[in-house]
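The values are calculated or read from the model by the stated rules, or taken from the named source; none is laboratory data. The shown structure was predicted, so the numbers you read here are calculated from the model rather than taken from an experiment. Cβ sites come from the backbone with ideal geometry, for glycine too, and all protein chains shown count toward neighbours.
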Amino acid sequence: MNIVPDMRSNLDLGLTWRNSFAQLGEDFYTLLAPQPLPAPYWVGHSVSLARELGLGEAWRESAELLEAVSGNRQIAGTQTLASVYSGHQFGMWAGQLGDGRAILLGETSDGMELQLKGAGLTPYSRMGDGRAVLRSSIREFLCSEAMQGLAIPTSRALCVTGSDAPIRRETMETAAVVTRVAPSFVRFGHFEHFSHSGQHAQLKALADYVIDRFYPACRTSDKFSGNPYAALLEAVSERTAIMVAQWQAVGFCHGVMNTDNMSILGLTIDYGPFQFLDAYNPGHICNHSDAQGRYAFNKQPNIAYWNLFCLGQALLPLIEAQELAIGALESYKTVFPAALERLMRAKLGLVNLDDENSRDASAHDRALIEDILKLLAQDRVDYTIFWRRLSHSSAGTDTEAVRDLFLDRPAADAWLLRYSERLAHIPRGLATDLMLRTNPKFVLRNHLGEQAIKRAKLKDFSQVDTLLMLLESPFEEHPGFEAYADFPPDWAAGIEISCSS
């Protein structure tokens, strides 16, 4: 029996809606309603995001809202659609893709778009079923909010709803819907779609839409001979560089950096086979589907540039001059290393003061960074725990706790001595404060997610709530929750996360 959304009375959330993307025209999307989720139930909520969106305090108790974010009821003022895009997947041109399981509800008056992921079949589902499963939905919900807590540019997640409806992946699972929130879900792949299909009028309309809404300064830039499309490429390159630098500094592996998973706003989107590093391994591959290691942790910066090059090719009909496009991409090569160095110096507490030794990142500081990363890799030291313990040791405590992480004690001691000599030039309190605000105590480790998912399958969502609480403020100590910041158990090394995650 087919279930259709309840259109008898549209639910009024008290929000003013528009859909500026829909104004681009039907070449960009298909209008359609979500497919309802049978007998939905709440799994998780982000109270902080709900507050930012202006939803009332009682929204979590609303049965009508539960139905609406599960695709079962129309929200007043929304114009629901799925967009079309194309892209490169694992380095190969994949042709037309699109929102195969996501429905855009619309855009609030504050400029935030809401999208239901897992809302059923669309014309772009290809061989898929248009659904998301509880496992992957919980992972995306938690990681979206975890990245927000880490101050890394990201799409957000308002809530997750679940259903006992069976969904087949590697095994039989149950269905879920994530309500995703971002200023825009436009991807590199949107531009590739219209460029490579020769639809250059639509390509220009899309570029103008993005510039006018998000990058208006590109219209008045004197650089690139006043070419706004080259200026757009440079602006996207710089945002992407800063985002990826933040990934590398915190030890985040995206896992599937296809061009259709890259945001035109430099946001982290499409959480699938992601992972925060446990033991530091620069070549770590978090995606079990990535047999060639294309998206290994240490390859992410170069892959981001490759994807930007694809975006540059897509924009070339508008930029017109190849040298302008290449020039626009050049900023990535300077912004990324500068951003990463700045972040790594902050992790070490190397505050910039008005003295000759710390005015700029010196060669000595770069050597400290390079050498500790080599030591962490050599001894497979837990990345998050090392940086947090080092933060506390900078205050003169827990020095032994840092040494205990290394097998090669002489090498660790030699580095710690060099580091302490460098730190002596900085007021101790300033360094410690910076480090504790930079090096999180809590990240969404795979095993923590797996434990929360295991309970959620039994309708116990307490671990989802606990993790959300910790990940929203990951730099706080949270006494009593030390177990969530401890070393992963041995079985965690056997967790396999694939593209279906």
Within the range 313-337, the count of residues that are of a type outside the set (D, E, K, R) and farther than 18 Å from GLY226 by Cβ comes to 8
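Among the residues of the range 229-258, what is the count of those that are outside any helix (DSSP H, G or I) and either among the hydroxyl-bearing types (Ser, Thr, Tyr) or closer than 29 Å to PHE475 by Cβ (or both)? Explain how you work it out, then say what you get.
Narrowing the range 229-258 to residues outside any helix (DSSP H, G or I): 251-258.
The next check asks that each one be either among the hydroxyl-bearing types (Ser, Thr, Tyr) or closer than 29 Å to PHE475 by Cβ (or both); those that pass are 251-257.
Looking only at that region, the number is 7.
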Quick count over the range 476-501, residues being under 18 Å from LEU150 (Cβ atoms) and free of Cβ contacts under 8 Å to residues at least 60 places away in the same chain, is 5
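What helices (runs of 4 or more DSSP H) lie completely within the range 396-465 and have 2 or more residues being modelled with pLDDT of 95 or more, under 29 Å from the mean Cα position of the chain (by Cα) and not assigned by TED's automatic domain parsing to the domain that holds ALA157?
On the way: elements: 399-403, 409-423, 428-438, 446-456.
Qualifying helices (runs of 4 or more DSSP H): 428-438, 446-456.
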For the range 111-134, the count of residues that are assigned to a loop (DSSP other than H, G, I, E, B) and closer than 18 Å to VAL186 by Cβ equals 4
Within the range 399-452, residues basic (Lys, Arg), touching a residue at least 60 places away in the same chain (Cβ under 8 Å) and under 30 Å from SER136 (Cβ atoms) come out as ARG445
Handout entry: ALA241 hydrophobic (A, V, I, L, M, F, W, C), more than 27 Å from the chain's Cα centre (by Cα) and either assigned by TED's automatic domain parsing to the domain that holds TYR305 or more than 30 Å from ALA50 (Cβ to Cβ) (or both)
Key = no
Contact list, first residue from the range 300-315 and within 30 Å of ASN281 (Cβ to Cβ), second anywhere and not in a helix (DSSP H, G or I), beta-carbon distance below 6 Å, six or more apart or interchain, is ILE303/MET257; ASN307/MET262; CYS310/HIS88
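Please work out if VAL210 is touching an Asp or Glu at 6+ places or on another chain (Cβ under 9 Å), β-branched (Val, Ile, Thr) and either on the phi > 0 side of the Ramachandran plot or at pLDDT 95 or above (or both).
Numbers: touching an Asp or Glu at 6+ places or on another chain (Cβ under 9 Å): no; β-branched (Val, Ile, Thr): yes; either on the phi > 0 side of the Ramachandran plot or at pLDDT 95 or above (or both): yes.
No: the conditions fail for VAL210.
So, in the range 156-174, exactly how many residues are of a type in the set (Val, Ile, Thr), out of contact with any His (no Cβ under 9 Å at 6 or more places or on another chain) and in a strand (DSSP E or B)? Break it down into steps so the answer makes sense when it comes.
Start the filter on the range 156-174 by keeping residues that are of a type in the set (Val, Ile, Thr), which leaves 160-161, 167, 171, 174.
Now narrow it down to the ones that are out of contact with any His (no Cβ under 9 Å at 6 or more places or on another chain): 161, 167, 171, 174.
Still in the running and in a strand (DSSP E or B): 161, 167, 174.
Going through the range 156-174 one residue at a time, the tally reaches 3.
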